[in-house]
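These notes are about the structure you will find just below.
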C-alpha cells in the first residue's frame, strides 16, 4: 500500500532497542503513495466538448473526438506521522487545468491533530466532502465508475476548504456516526468557453457540516454547506445594469454574483453487502444568482462477478431557475439608451442560458480488477439534454443543436500505489 | 478400445482431482480473529470485527481501545479474512482504503510479516486484535466467535 520511506524500524536498528522494534508492526514516519488514471473518452457530438468538471478547458467532441484530457490524472501523496497525535499530509495532482495545461496543483495540505481516536482537528487545505465520493473524486481506483456522475457532482465545483475542520465519531452500539464541521475559504479558476480568458470564483465564509452514519454495510450521508461566492467576471454586466435606475438595480440585485450566499443540501446512501452495491444521492444548490439553482441526483447499482463488476447509473440534473429574463424595459427609455439596454439584456440572457444544464444520463459499464492495485473500466453514457439546455457541455460551436442527445464511450485504467 | 479406456481414465482422474481439490479447500483451516489470552474480550461478531479492521470503530464493546493488526497486502490469509468478515474481495478492500488514505481521513491497520509474527505480537499486546490460521491457535491467544 503506502511504501515506507523511512521506517522507525530502520532508525531503531541503530539503537540498542532494535530487537524489540523488529517485532513491532511496521510503523513509518513518512510514507508516499499515489494514484492515477489514464482515460480516453469519445463523444459523438462534435459541436461541443464533454468535460468531467467545470474547471476543464477542453474535452471530447469538438476539440478532439477522442480525448485523453477528460479523465487522465496523476496524484502523489506524502504523509508524515510526526508524533502519535500529529500527522501531516500533502497531496499534489497533475491533471488538465482551466488553461489546458497539466501543471500540478496542491489538492490537500494539512496538519492533523488526533486528540482522541474519535476526535480530530485539521488545519490547512482539506477535502470538502459534501457527497459520498467527493473526497475520493479523483481516485478512480476507489470508485466503481469511470467518474462520479457529473449530474450531481458538478453542482458543487468547489471541493476543497482552506481553513480548519473538526471530526467527531460516536459509537452507537453496532453503528458509528461521524460529524465533520469545516470553516474556511477557497478560490477556483475556470475557463471561459471558446476563449482563453480565465474566470475566478472566490468563496469565503465557507461553512459545512457532513454527517456520516455507518452501520455494517450501510452508509448514510447528510450534508449542508454555505459560502459567500463572488465571480468578479459578472461585475461589469451588473454594474452597467445599475446605471439604469431602479429597474436596473432590481435586475442586478436579483442576479449578480458578488458576495452571494450560496447554499447546498445533500443526502446520500450507500449499501454494499459484499457482492453487490447500490447507491443513491441527491443534492441541491441554490446560488440565488445568474449561476442558477440546481438539483441533481443519481441511482447506481452493480454486481461483482469475480474480478468483473458490471454496473449501471441513472443520473439527472435539473436547473430550477429560468434561462431567460425580459430584462430592462426599453419602452420608457430615451432612444439613445435603447441599444445599450438591449445589449445588456442580451448579455444577461446569454449568461442565464448557460446556467441551464438540465440533462439526464443512462450509463452502463464494468470494472475489471486486472491485477492487484490496477483496474480497467469501460463505460457507455447516453445523455439527453433538456429543452433549451446545453447540459454540462462546454465550448459550444455555431449550429450546436440545443436539447440534443450525446453518446459517450470511455475506457480508463486506474491504479494506486 | 485402448483409446476408450484411456479417455475414461482421464475423465476419472479429472473427477478425482476435482473432488480432491474440493476436499482440499473444504478441509483448509479457517482464518480466525484472535486477541491476546490476557485480553478481557471473549466474543465479537463478524460485523464488529469488520468495523474495527475497516477503521469504523476504535474501541471494543467494553470501551477499551482496539488496535487492529493486518498481515501484509498480498497474503492469502489476509484475503480470506476480509472475504469472511466483510464479504469483500482484495480489490474492494484496496479500493476502500484508497478512499480513506487519499483523503487524509485515516490509515489502514499496521501490518506484520506473517502468521508467526502476528500471533507473537497479538499475544504480547493486550488491546490488539489480529487473525491467524485456526490450526495455529494456542494458549497465548483467544479466538473470538
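What follows draws every value from the coordinates through simple rules; no lab data is involved. From a predicted model like this one, the values you see are computed outputs, not experimental measurements. Methodologically, a virtual Cβ is constructed for each residue, glycine included, from the backbone with ideal geometry; neighbour enumeration extends over all protein chains shown.
Note on A:65, B:39, A:43: ascending count of other Cβ atoms within 10 Å places them as A:65, B:39, A:43, the fewest first.
Once you divide the Cα radius of gyration of the range B:101-140 by 2.2 N^0.38 Å, the number left is 1.42.
Mind telling me which of A:179, A:330, A:137 comes out most flexible in a GNM of chain A, alpha-carbon contacts under 10 Å? It is A:330.
Between A:275, A:260, A:185, the residue with the greatest mean-square fluctuation in the GNM of chain A (Cα pairs under 10 Å linked by springs) is A:275.
Oblate is the label for the range A:141-208, because the ratio a/c of its alpha-carbon gyration tensor axes (a ≥ b ≥ c) is 1.5 or higher and a/b is not greater than b/c. Among A:116, A:126, A:159, the largest mean-square fluctuation in a Gaussian network model of chain A, built with springs joining Cα atoms closer than 10 Å, belongs to A:116. Extension gain for residue A:405 to residue A:346 (0.36 nm times residue separation, less C-alpha to C-alpha distance): 18.6 nm. Here the sum of -39500 (n - 2.57) over DSSP H runs of 4 or more residues, divided by the residues of the protein assembly as shown, equals -6500 deg cm²/dmol at 222 nm, to the nearest 500.
Enclosing the Cα atoms of the range B:51-145 in their convex hull gives a volume equal to 104 cubic angstrom per residue.
Round to the nearest 0.05 the FRET efficiency obtained for residue A:121 and residue A:335 when R0 = 56 Å and r is the Cβ-Cβ distance. The pair residue A:121/residue A:335 has a calculated efficiency of 0.35.
For the range A:333-417, the average shadow cast by the Cα convex hull is 8.7 nm², which is a quarter of the hull's surface.
Take the Cβ atoms of residue A:387 and residue A:92, set R0 to 35 Å, and the FRET efficiency comes out at 0.25. Based on the alpha carbons, how large is the Rg to Rh ratio for the range A:331-381 when Rh follows Kirkwood? Result: Rg/Rh = 1.56. Here A:381, B:79, B:70, A:205 are placed in order of increasing Cβ neighbour count within 10 Å, fewest first, which gives A:205, B:79, B:70, A:381.
Compared with the rule-of-thumb size 2.2 N^0.38 Å for a compact globular protein, the range A:240-279 has a Cα radius of gyration ratio of 2.45.
For the range A:271-417, the equivalent ellipsoid built from the Cα gyration tensor has semi-axes of 44, 16, 12 Å, listed from largest to smallest. Using the Cβ-Cβ distance between residue B:62 and residue B:137 with R0 = 25 Å, the FRET efficiency computed as 1/(1 + (r/R0)^6) comes to roughly 0.65. Percent of Cα pairs in the protein assembly as shown per distance bin of 20 Å, from zero to the largest separation: 19, 47, 24, 8, 1, 0.
Once you sort the root eigenvalues of the Cα gyration tensor of the range A:168-276 as a ≥ b ≥ c, which label holds: rounded (a/c under 1.5), prolate (a/b larger than b/c) or oblate (the other case)? Prolate, since a/c reaches 1.5 and a/b exceeds b/c.
Relative contact order for chain A: 14 percent, from Cα pairs under 8 Å spaced at least 6 residues apart, divided by residue count. Roughly how far apart, in whole Å, are the Cα centres of the range A:287-318 and the range A:153-193? What the calculation gives is 19 Å, centre to centre. Relative contact order for the range A:115-183: 38 percent, from Cα pairs under 8 Å spaced at least 6 residues apart, divided by residue count. Label-to-label distance, residue A:113 versus residue A:66, with points set 7 angstrom from Cα along the beta-carbon direction: 5.3 nm.
Ordered by the count of other Cβ atoms within 10 Å of each Cβ, fewest first, B:42, A:357 give B:42, A:357. Using a cutoff of 8 angstrom between alpha carbon atoms and counting only pairs six or more residues apart, the relative contact order for the range A:167-282 works out to 21 percent.
Would you please classify the overall shape of the range A:74-204 from the alpha carbon gyration tensor, given that a ≥ b ≥ c denote the square roots of the eigenvalues, rounded means a/c under 1.5, and beyond that prolate means a/b larger than b/c while oblate covers the rest? Prolate shape, in that a/c is at least 1.5 and a/b is the bigger ratio.
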